[in-house]
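One structure is given here, and the rest of the page talks about it.
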């Protein structure tokens, strides 16, 4: 059939593939958004020393520069849930976060 007509079978296959692809894309976007909004550090419940060092290094849960996130820092140890531990803070940090001591992984 090279006359440009499409078979009913092909039409049905494509009719199923398009909505399924849309659902998969929406799920991936939701997961990415959830990771970006994850809060790993609750500054209100930290002891004074932990809070002080984070404040002095201007730690934020979400970096303004996507090229300089905790996940790309040599001092960060990932846990796999979007959070990890910072060797400088000796405590939790967000993989999407940033502080003034950021140093690229070597």
Return a yes/no flag: does the stretch 50-59 have any residue that is at positive phi and over 13 Å from the mean Cα position of the chain (by Cα).
yes
Subset of the stretch 34-49 (residues that are touching a strand residue (DSSP E or B) at 6+ places or on another chain (Cβ under 6 Å) and modelled with pLDDT of 90 or more)
40
So which residues in the stretch 72-82 are surrounded by 15 or more Cβ atoms within 10 Å (Cβ to Cβ) and at pLDDT below 95?
82
Determine if the stretch 84-93 includes at least one residue that is touching a helix residue (DSSP H, G or I) at 6+ places or on another chain (Cβ under 9 Å) and surrounded by fewer than 16 Cβ atoms within 10 Å (Cβ to Cβ).
yes
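The values are calculated or read from the model by the stated rules, or taken from the named source; none is laboratory data. Since the model is a prediction, treat every value here as computed from it, not as a measurement. Note that we place each Cβ from the backbone using ideal geometry, even for glycine, and neighbour counts take in every protein chain shown.
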